[in-house]
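Worksheet: the structure to be examined is printed underneath.
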Amino acid sequence: MKIESLALRELKMRLRFPFETSFGVTLHRSVLLVEVEADGVTGWGEITATEGPFYNSETTATAWHVLGDYIAPFLVGKEIQAASDVPALLEFIRGHEMTKAGVENALWDAEARQKGIPLSRLLGGTLSEIACGVSLGIQETPEKLMAKIEQELAAGYQRIKLKIKPGKDLAYVSEARQRHPHILLSVDANSAYRLKDSEHLKKFDAFDLLMMEQPLEWDDIFSHSQLQAQIKTAICLDECIRNANHARAAIEIGACRILNIKLGRVGGHTEARKIQALAQERGVPVWCGGMLESGIGRAHNIAMSTLPNFRLPGDVSASRRYWEEDIIEPEVEVSAQGTIRVPETPGLGYEPRRSKIEQLTVKHKVWNSRVAVTT
Ligand code: OSB
Ligand code: MG
């Protein structure tokens, strides 16, 4: 495939509800979309960086910088065999996984469209339907959280994940478990605790949780292994795992029993597949995490979730939980059983709605073989 052009655009999108995690509240998303032209075929990807460096170290601004100053000038005009060539080509750029993932994943979409097959099949996925859970932001009171839980269970979601932080944790989780003794329930701290809080974190063992996601520092695998030795609840790592080497280290030293795979955080489909295969070999279940994506990122998440060893419901839920109107056609819908049917049409299987995308775009730049064009 010849990479003829790369385009980056920033869309301003407003979530239907504010989403609160231990690192802050999000209502307005700056959604970054990558559009690639290869051999006359278009592919789409999403850069899932957040507005500020509070989840990981990337931001929407660093993505513009790294894509515009390094990735686009290097890749545009290049001939590649397959999208899976991209990570090796971009190895000279350290970090910036989300930015690289947006580009690589757009090429995966283009490659699948060229071959006339669904992206899920090109990736090696086998499922025709994926299991869905929801991630619920921190709420003002346990009562408000209980109402959200009821609503999502009524909609059919198979797993409820609660965001927690110190002071907004045990009372909320305890109440949720009392009301729903049998549901799959998990918590996600987004690095809000420290190893010295292990006595406090042990108390979660009483709630029969499916997992506790990323309780400790965002880049500290070793401390998680020390915590895992002290608690019964399975630790799931999110922020700490940015590539297959991290996953191998974490599994080897017992830092987690479950892995959350996010395409952006690990640098794209190629690295995600490596992590998935390694985890499978070691008997560690994986599931697909989310970054409040638009339909483009969501469609990539759906395709990835069809791979073997995605054994637990992901944070992949319906478009309408996030947006009044999504930017793809059709929107992502979830069945009353809490599943998404995997599309069977070529590529992502959802079409970008160009007019809606144009309408929401606040910044747009195209790099083609000769010049960069800003509109
Ligand atoms: O840690 O999984 C996380 C959202 C933004 C940043 C980090 C996380 C999340 C979520 C939301 O949990 C998942 C989603 O519904 O997209
Ligand atoms: Mg998480």
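So here's what we get for this one:
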{"item": "Hey, Trp287 surrounded by 19 or more Cβ atoms within 10 Å (Cβ to Cβ), assigned by TED's automatic domain parsing to the domain that holds Asp109 and aromatic (Phe, Trp, Tyr) or not", "result": "no"}
{"item": "Residue in the range 53-73 that is within 16 Å of ligand 2 (Cβ to nearest atom), outside any loop (DSSP other than H, G, I, E, B), open to solvent by less than 20 Å² (accessible area, probe 1.4 Å) and at pLDDT 95 or above present", "result": "no"}
{"item": "Qualifying residue in the range 87-103 (condition: of a type outside the set (Phe, Trp, Tyr), outside the structural domain of Gly295 (by TED's automatic domain parsing) and in contact with a Pro (Cβ under 8 Å, 6 or more places away or on another chain))", "result": "yes"}
{"item": "Residues of the range 150-171 that turn out to be more than 16 Å from ligand 2 (Cβ to nearest atom), open to solvent by less than 20 Å² (accessible area, probe 1.4 Å) and either within 18 Å of His200 (Cβ to Cβ) or of a type in the set (D, E, K, R) (or both), as a count", "result": "1"}
{"item": "Residue in the range 211-221 that is assigned to a loop (DSSP other than H, G, I, E, B), over 26 Å from Phe54 (Cα atoms) and open to solvent by 70 Å² or more (accessible area, probe 1.4 Å) present", "result": "no"}
{"item": "Among residues of the range 85-109, those that are open to solvent by less than 10 Å² (accessible area, probe 1.4 Å) and over 20 Å from the mean Cα position of the chain (by Cα), counted", "result": "1"}
{"item": "Complete set of residues in the range 230-250 that are without any contact (Cβ under 8 Å) to a residue 60 or more places away in the chain and either in contact with a Gly (Cβ under 7 Å, 6 or more places away or on another chain) or open to solvent by less than 20 Å² (accessible area, probe 1.4 Å) (or both)", "result": "Ile231, Thr233, Ala234, Ile235, Cys236, Leu237, Asp238, Cys240, Ile241, Ala244, Ala247, Ala250"}
{"item": "Which numbered condition Pro343 misses (of (1) out of contact with any Lys or Arg (no Cβ under 8 Å at 6 or more places or on another chain); (2) over 19 Å from Thr126 (Cβ atoms); (3) part of a loop (DSSP other than H, G, I, E, B))", "result": "(2)"}
{"item": "Residues satisfying the stated conditions in the range 18-39, i.e. open to solvent by 20 Å² or more (accessible area, probe 1.4 Å) and touching a strand residue (DSSP E or B) at 6+ places or on another chain (Cβ under 8 Å)", "result": "Pro18, Phe19, Glu20, Ser22, Val25, Thr26, Leu27, His28, Glu35, Glu37, Asp39"}
{"item": "Test: residue in the range 187-210 that is open to solvent by less than 50 Å² (accessible area, probe 1.4 Å), part of a strand (DSSP E or B), more than 13 Å from ligand 2 (Cβ to nearest atom) and not charged (D, E, K, R)", "result": "no"}
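The values are calculated or read from the model by the stated rules, or taken from the named source; none is laboratory data. Nothing here was measured: the structure is a model prediction, and the numbers come from that model. Cβ sites come from the backbone with ideal geometry, for glycine too, and all protein chains shown count toward neighbours. With ligands, DNA and RNA removed, areas are computed over all heavy atoms of the protein, side chains included. Shrake-Rupley method; radii C 1.70, N 1.55, O 1.52, S 1.80 Å.
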